[in-house]
Amino acid sequence: MSVPLLKIGVVLSTMAMITNWMSQTLPSLVGLNTTKLTAASGGTLDRSTGVLPTNPEESWQVYSSAQDSEGRCICTVVAPQQTMCSRDARTKQLRQLLEKVQNMSQSIEVLDRRTQRDLQYVEKMENQMKGLESKFKQVEESHKQHLARQFKAIKTKMDELRPLIPVLEEYKADAKLVLQFKEEVQNLTSVLNELQEEIGAYDYDELQSRVSNLEERLRACMQKLACGKLTGISDPVTIKTSGSRFGSWMTDPLAPEGDNRVWYMDGYHNNRFVREYKSMIDFMNTDNFTSHRLPHPWSGTGQVVYNGSIYFNKFQSHIIIRFDLKTELILKTRSLDYAGYNNMYHYAWGGHSDIDLMVDENGLWAVYATNQNAGNIVISKLDPNTLQILQTWNTSYPKRSAGEAFIICGTLYVTNGYSGGTKVHYAYQTNASTYEYIDIPFQNKYSHISMLDYNPKDRALYAWNNGHQTLYNVTLFHVIRSDEL
């Protein structure tokens, strides 16, 4: 179910992005909100009124786009008489503006190709589902005893896939909307080409403002696709088997392009040596590493590497240290007031795991417990430079009952255990200060998880499971509302 659910998220995000852009931004880009719509045949479309300039000789007229009977976007432009030199500074600026619109048109081309590719996947899935349904009917009609197991498996699969059918039908319609969206952008580019030699100085500033606004909206929409609600976790991929039963390993989500170093910390206390591997391949296949000596031993397995620094909890204290891995100097030290330490409020597996540092799309976090919150989990957003607490949330979930925890897009997810059968069953949303109980299966392959952290760059969970370093892919469900753009 992980792949279909991801596709559903893409469906909803694409539909909302296109709907909002088509309904709000594109009409306003050419300066028309309530203008006359002129059809290709020369007739006038319903639900429109004409707005003419007070002085047609000194301004230009643009009639808003409309769709003809074939769904194409029609846009009418009436340019004023040319009163300025075609090679003046305004024309040059307009040409630059046109180039911006053409760049956005290229972005739409990419979106269109991706949508067409996903549509092919949808059609393929639809055929597979129809095949399953046909097979299911054959099994259902047959009452032979030896087909009972096959019947049960197929029925379960059909029950899982049946709710996706109406969604897939909607996705087909969305693909058509992307094509219309692409045509309208091309039409707008054509209009600007015609105006490039004729437009005067009166409307340039307004056009530039509207194109900039469009560019910001598209960028904001793409950024929103980075976050979502956790709906599934894949089976683990074992990267390496090394070290003791407990430890942590990670990569830097803010590392520059080409920096694929892996950081490795064996044990949960009384150790201060961090291994640096040049790449994931080196980590998997060799024992060639560089060793860094920390100024103090760490406590627990809640360390993170973020933007070139390692953040860790000093052993037997509630002190957090930021240590620069390049200069090997302490950049900042701060006490996490009232936080339990030295196995006072650890995770269910113990191991001095009182303070767990995490990173996600929003930055650096600390998860711990206090006496003031009755030993329940406390979430604090930290400034990565000063380690100052920016905001704190008190939950009602006992930290000693949590197997492990991780944060994705500002939501804390907690597992119900660390050994044997495990699942993610509690989520606290910091953006709304609300929680819910969930049921997301989580395969605990080696029966003892002592570290579980999310990397927003890789969109993966890094885990240390009984001396095995493993990775899990996650499935996020994206919802973009038009009023958020």
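The values are calculated or read from the model by the stated rules, or taken from the named source; none is laboratory data. If you're wondering where the values come from, they're calculated on a predicted model, not measured in any experiment. Positions of Cβ are generated from backbone atoms using ideal geometry, with glycine treated the same way; all protein chains shown enter the neighbour counts. With ligands, DNA and RNA removed, areas are computed over all heavy atoms of the protein, side chains included. Shrake-Rupley method; radii C 1.70, N 1.55, O 1.52, S 1.80 Å.
Take Ser419 and tell me if it is in a strand (DSSP E or B), assigned by the TED database to the domain that holds Ser242 and of a type in the set (Gly, Ala, Ser). Before you say what the answer is, go through the steps one by one.
Numbers: in a strand (DSSP E or B): no; assigned by the TED database to the domain that holds Ser242: yes; of a type in the set (Gly, Ala, Ser): yes.
No: the conditions fail for Ser419.
Quick one: is Thr411 open to solvent by 30 Å² or more (accessible area, probe 1.4 Å), more than 21 Å from His448 (Cα to Cα) and not basic (Lys, Arg)? Outline the logic, then answer.
Working: open to solvent by 30 Å² or more (accessible area, probe 1.4 Å): no; more than 21 Å from His448 (Cα to Cα): yes; not basic (Lys, Arg): yes.
So Thr411 does not fit the description; no.
Test Lys157 against the stated conditions and say whether it is closer than 24 Å to Phe477 by Cβ, more than 24 Å from the chain's Cα centre (by Cα), at pLDDT below 75 and surrounded by 13 or more Cβ atoms within 10 Å (Cβ to Cβ).
Values: closer than 24 Å to Phe477 by Cβ: yes; more than 24 Å from the chain's Cα centre (by Cα): yes; at pLDDT below 75: yes; surrounded by 13 or more Cβ atoms within 10 Å (Cβ to Cβ): yes.
In short, yes.
Does any residue in the range 280-297 that is assigned by the TED database to the domain that holds Thr327 come within less than 9 Å, Cβ to Cβ, of a residue that is surrounded by 11 or more Cβ atoms within 10 Å (Cβ to Cβ) and of a type in the set (Gly, Ala, Ser) six or more places away or on a different chain, and which pairs are these?
From residues that are assigned by the TED database to the domain that holds Thr327, the pairs are Asp287/Ser242; His296/Ser317.
Hey, Thr327 hits all of (1) touching a residue at least 40 places away in the same chain (Cβ under 8 Å); (2) within 18 Å of Thr386 (Cα to Cα) but one; which does it fall short on?
The single condition Thr327 does not satisfy is (1).
Kindly indicate whether Thr83 is open to solvent by 90 Å² or more (accessible area, probe 1.4 Å), more than 35 Å from the chain's Cα centre (by Cα) and either β-branched (Val, Ile, Thr) or modelled with pLDDT of 75 or more (or both).
Working: open to solvent by 90 Å² or more (accessible area, probe 1.4 Å): yes; more than 35 Å from the chain's Cα centre (by Cα): yes; either β-branched (Val, Ile, Thr) or modelled with pLDDT of 75 or more (or both): yes.
Taking the combined requirement at face value, the residue satisfies it.
For the range 315-329, enumerate the residues that are open to solvent by 60 Å² or more (accessible area, probe 1.4 Å) and under 32 Å from the mean Cα position of the chain (by Cα).
Taking the range 315-329 as the starting set, the residues that turn out to be open to solvent by 60 Å² or more (accessible area, probe 1.4 Å) are 316, 326-329.
Selection gives Lys326 alone.
If you check Asn373, Asn362, which single one turns out to be farther than 27 Å from Phe323 by Cβ and of a type outside the set (Lys, Arg)?
Details: Asn362 fails: farther than 27 Å from Phe323 by Cβ.
Being farther than 27 Å from Phe323 by Cβ and of a type outside the set (Lys, Arg) holds for just one of Asn373, Asn362, which is Asn373.
Among the residues of the range 330-367, count how many are open to solvent by less than 60 Å² (accessible area, probe 1.4 Å), among the aromatic types (Phe, Trp, Tyr) and either farther than 19 Å from Asn394 by Cα or free of Cβ contacts under 8 Å to residues at least 40 places away in the same chain (or both).
Number of matching residues: 1.
For the range 276-299, which positions are open to solvent by less than 80 Å² (accessible area, probe 1.4 Å) and assigned to a strand (DSSP E or B)?
Glu276, Tyr277, Thr290, Ser291, His292, Trp298, Ser299
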